[in-house]
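The values are calculated or read from the model by the stated rules, or taken from the named source; none is laboratory data. What you see is a predicted model, and the numbers here were worked out from it, not measured in a lab. Ideal geometry is used to build each Cβ from the backbone, glycine not excepted, and the neighbour counts take in all protein chains shown.
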Amino acid sequence: MLRGVIRAVCTSPEKGTEKRNVHRAEVKQNWGLAGDAHAGEWHRQVSLLSWQKVQEFNLQGACVTDGAFGENLLIDGIDCARLPVGAHLRCNDVLLEITQIGKECHHGCAIRQRVGYCIMPHEGVFARVLEGGTVSEGDEIVVLE
């Protein structure tokens, strides 16, 4: 069973902006993170990104912070992009189902404008919320088999 740790919990009040680490959030069933502009009744309610991929990006001189790629959950110990669509992840009472791997980077992407490259199109993962609850930095997240 794959296990990881949540390194950051990020939201943004507007689309097209970098998210900021709020450290803890309520995750609403069939919606997403409370207060996040990307939450809603669709298949990309929560975005996940592997913490290791951000660290590798920073080693290239990017110096990005938590939430810079628009991710809601920054996860240490799980290579999110290698999870198959349909995989389930559990963190406390929250149950997520992976719905999409990667996405097209929009031209207004703040990271792409600043650094010239964005990892979200290849490394970003999206999920819908099957069961809600609360997630915080330091919480364990498990890929269910």
Taking the conditions exactly as written (under 25 Å from ARG82 (Cβ atoms), of a type outside the set (S, T, N, Q) and in contact (Cβ under 8 Å) with a residue 60 or more places away in the chain), does VAL64 satisfy them or not?
no
If you check ARG7, ARG24, which single one turns out to be in contact with a helix residue (DSSP H, G or I) (Cβ under 7 Å, 6 or more places away or on another chain) and modelled with pLDDT of 95 or more?
ARG7
Filter result (surrounded by fewer than 18 Cβ atoms within 10 Å (Cβ to Cβ), closer than 22 Å to THR99 by Cα and either of a type in the set (A, V, I, L, M, F, W, C) or touching a residue at least 60 places away in the same chain (Cβ under 8 Å) (or both)) within the range 5-43
VAL5, GLY16, GLU26, LYS28, GLN29, ASN30, ALA34, ALA37, TRP42, HIS43
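Residues checked against (1) at pLDDT below 95; (2) out of contact with any Leu (no Cβ under 9 Å at 6 or more places or on another chain); (3) β-branched (Val, Ile, Thr):
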site	(1), (2), (3)
LEU33	no, no, no
ASP36	no, yes, no
GLY40	no, yes, no
VAL46	no, no, yes
GLU56	yes, yes, no
GLY67	yes, no, no
ASN72	no, no, no
GLY77	no, no, no
PRO84	no, yes, no
Tell me which residues, restricted to the range 121-135, are under 14 Å from LEU48 (Cα atoms) and part of a strand (DSSP E or B).
VAL125, PHE126, ALA127, ARG128, VAL129, VAL135
